[in-house]
1. With a point put 7 Å past each Cα toward its Cβ, work out how far ALA312 is from ARG46 in nm, to one decimal.
2. Sort 146-153, 8-15, 292-299 by packing, meaning the average of other beta carbons within 10 Å per residue, with the highest value first.
3. In terms of Cα to Cα distance under 17 Å, which aspartates and glutamates are near enough to LYS322, apart from those fewer than 8 places away along the same chain?
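Bear in mind these aren't lab numbers, they're just calculated from the coordinates by the rules spelled out. Here the structure is a predicted model, which is why all the values come from computation and not from measurement. We place every Cβ from the backbone using ideal geometry, glycine too, and count neighbours over all the protein chains shown.
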Amino acid sequence: MPMLADTIDGVIGVDTHRDTLAAAALSPVGGILAQTATTADVDGYRGLLEFARAYVPGRRCWAVEGAGSYGAGLTGFLVQRGERVVEAAQARRPASRTGAKTDAIDAVRAAPGALAHDLGHLSQPRGRGDREALRVPRTARRHASASRVAAINQLKALIVGAPDELRTELRGLSTTAQITRCAGMRDRPARSLAHRMTVRVLHTTAQRIGYLQAEIDELGDRLAPLVDAIAPWLVDLPGIGPVTAAQVLVSWSYGGRLRSEAAFAMLGGAAPIEASGKVVRHRLNRSGDRQLNRALHTIVLARLRDDPATRAYAARRTAEGKTPREVRRCLKRFVARQLFKLLERCDQPGVEVMRAA
């Protein structure tokens, strides 16, 4: 497969920040043609496009760092105008304090990273539109869930250090019962100051857990119709609900963004990586989109619990000597292959999307 450098006349590397953008135009062999900096707004985007047309008037490619965050606006602006955009890997921090790292240097570093790859291994930016409508509530739900777990841990710690009477009253209850009991507690003036303050904090913490749970439920309810509008067949597959389906759609984004099902598995951290040593085995893949990896893991756990075919496969591989962890890794790779093929096929124009039986 040809390299990107063989198909273009130049590349523009862009280092993105909240308010500013730094860009560098490079030749196909990595020589710096020009550098500039501008604001991260529509006027700045237009200025960068004029800069690119002046120094790379022919075939060009943009390597944008943070194309899904600080560079999302620029990426959308360029794609709408027919520009070729790839996502550049984030520049690593220097090993020491004296290491050179500025916005201009990061812009220059973004471009060679794209030039060094062949066309099949370039990272395409995610789509916006419907996928962005899924990403926003999905991300908000994930953060609300993390905050709820933190609040529950705080409640548990308060109970451990509470006065003896409160601790005895609460420690034997389940987590749900503890939350309910604490949410209904009231201050008693006859108690000691330590007792009263502990009751107040337990009450407010339990209320916060309830508010976060309500937010989580509301955001989950909003995801269901969005998933049903984009890929209604997805939630009919074993082990997939609206939340995991939303994450799969967000990570996959659109047909053709990823070159193969192997690339999708690598994105989700489900591609097998050989471990070093004398024993031939595969180790945990810690790379890729960890939220997609989490979705694949959730799907596998649900299928191991409820899907007879998956349980039969796990039993067969266990009999062959695979550990439960290795079986789950194999299943995650299978789920990644299945989802990618279905998503790519159903995203093609003219292909009827069939709901799973």
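1. 6.4 nm
2. Details: 146-153: 14.9, 8-15: 24.6, 292-299: 22.1.
Top to bottom by mean Cβ count within 10 Å: 8-15, 292-299, 146-153.
3. Excluding near neighbours in sequence, the set is GLU274.
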